[in-house]
Amino acid sequence: MNFFKAIILLIILGVMFCFTFSCKKDSPKLNPTGTVSDIDGNVYKTVTIGTQVWMAVNLKTTKYRNGNSIGTTNPATLNISAESTPKYQWANYGIESNVATYGRLYTWHTATDSRGICPTGWHLPSDAEWTTLTTFLGGNSIAGGKLKEAGTSHWLSPNTGATNSSGFTALPGSDRLSSGAFYDFGYYGGWWSSTESGAIYAGFWSILYSTSEVSRNNSYKTFGFSVRCLRDN
């Protein structure tokens, strides 16, 4: 009888072990990190936020994932307003040394090209997927602070509410206008959504140095914004 009691006890302990360790491994967790590489060989930290896995760095690639080059303009400030579907990437202000920290800026037409600019298994997030992120972080009114890199090494003061508690490490890469002007460097970051808002507009999500909010806005598809890739489900 003692033998059978011992067997039953071992089974109970095994079940308890499963629920304590193994069975929890798929639960949503904040901040476990990994890496992913693009076709250029750039390596990006990744972060799990809720049920999503995001790049923790802005995209830097100069190629689509099939190896085709993504063009740029010469000069970097060239006016492209007359182009209907421009497909370009830029270093901010045309200064390549900015790329290591802030990534590159892309037109929406580039970011959504069928050749893909995100690594295999990753994609440009939609408005719905951005909303999943901000909802998990408590809503748009406070999520910006949890997404922003803390301090003023890259963000201008006061960098309101910035804690980077999510591990997303949002940086103020600003944007590029169709006219060729680079705008608000250090003041704000903007990231493309895959969601269109008509023939010439698409959604982007932005964070400012002076607020804890994250906002969803519309922009001309010919503007240049940063890209954060989201891992496929």
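For Leu208, Leu105, which order do you get if you count the other beta carbons within 10 Å of each Cβ and list the fewest first?
Values: Leu208 20, Leu105 31.
With the sparsest Cβ surroundings first, the list reads Leu208, Leu105.
DSSP beta bridges in the chain, what fraction antiparallel, as a percent rounded to 5? Can you show the working numbers first?
Numbers: 34 of 38 bridges.
The antiparallel fraction comes to roughly 90 percent.
Under 5 Å between amide H atoms, partner at least 5 residues away or on a different chain: which partners does Ala170 have, H built in plane at 1.01 Å?
Under 5 Å from the amide H of Ala170: Lys148, Glu149.
For region 157-233, what does the alpha-carbon gyration tensor say about shape, rounded, prolate or oblate, given a ≥ b ≥ c as the root eigenvalues, a/c under 1.5 as rounded, and a/b over b/c as prolate? Present the calculation step by step, with values, prior to reporting the outcome.
Numbers: a/c = 2.05, a/b = 1.29, b/c = 1.59.
Oblate.
Using the Cβ atoms and a cut-off under 15 Å, what net charge is assigned to the surroundings of Ala111, where Lys and Arg are +1 and Asp and Glu are -1? List each step's numbers first, then the result.
Numbers: positive: Lys60, Lys63, Arg65, Lys87, Arg104, Arg115, Arg176, Lys221, Arg228; negative: Asp38, Asp113, Asp127, Glu129, Asp175, Glu196.
After counting each charged neighbour, the total is +3.
How high is the relative contact order of the chain, given as a whole-number percent (alpha carbon pairs under 8 Å, six or more residues apart)?
21 percent
Taking the Cα centre as origin and putting +1 on Lys and Arg beta-carbons and -1 on Asp and Glu beta-carbons, what dipole magnitude results for the chain, to the nearest 20 debye? Could you put the intermediate results ahead of the total?
Working: 18 positive and 14 negative charges, 127 e Å.
Using only the charged Cβ atoms, the result is roughly 620 debye.
Per residue of the chain, what 222 nm ellipticity follows from adding -39500 (n - 2.57) for every DSSP H run with n ≥ 4, rounded to the nearest 500? Don't jump to the answer; show the numbers that get you there.
Working: 5 runs with 45 residues, N = 233.
Value at 222 nm, helices only, nearest 500: -5500 deg cm²/dmol.
If one takes the longest principal axis of the Cα atoms in the chain, at what angle in degrees, from 0 to 90 and to the nearest 10, does the Cα axis of helix 127-136 lie?
Approximately 50 degrees, to the nearest ten.
Can you find, among Pro158, Ala56, Trp108, the residue sitting farthest towards the positive end of the charge dipole of the chain, where Lys and Arg contribute +1 and Asp and Glu -1 at Cβ?
Ala56
Can you give the local net charge around Ile39? Use residues other than it whose beta-carbon is closer than 12 angstrom to its beta-carbon, Lys and Arg +1, Asp and Glu -1.
On the way: positive: Lys60, Lys63, Arg65, Arg115; negative: Asp38, Asp40.
Charge balance near Ile39 sits at +2.
Would you list Arg228, Arg216 from fewest to most Cβ contacts within 10 Å? Don't jump to the answer; show the numbers that get you there.
Numbers: Arg228 25, Arg216 16.
With the fewest neighbours first, Arg228, Arg216 line up as Arg216, Arg228.
Pull out a ≥ b ≥ c, the square roots of the eigenvalues of the alpha-carbon gyration tensor of the chain, then state rounded if a/c is under 1.5, prolate if not and a/b is larger than b/c, and oblate in the remaining case. Could you put the intermediate results ahead of the total?
Working: a/c = 2.61, a/b = 2.01, b/c = 1.30.
In terms of gyration-tensor shape, prolate.
Every number in this text was worked out from the coordinates using simple rules, so none of it is lab data. The structure presented is a predicted model; accordingly, all values stated were derived computationally and were not measured. Cβ: placed from backbone, ideal geometry, glycine included. Neighbour counts: every protein chain shown.
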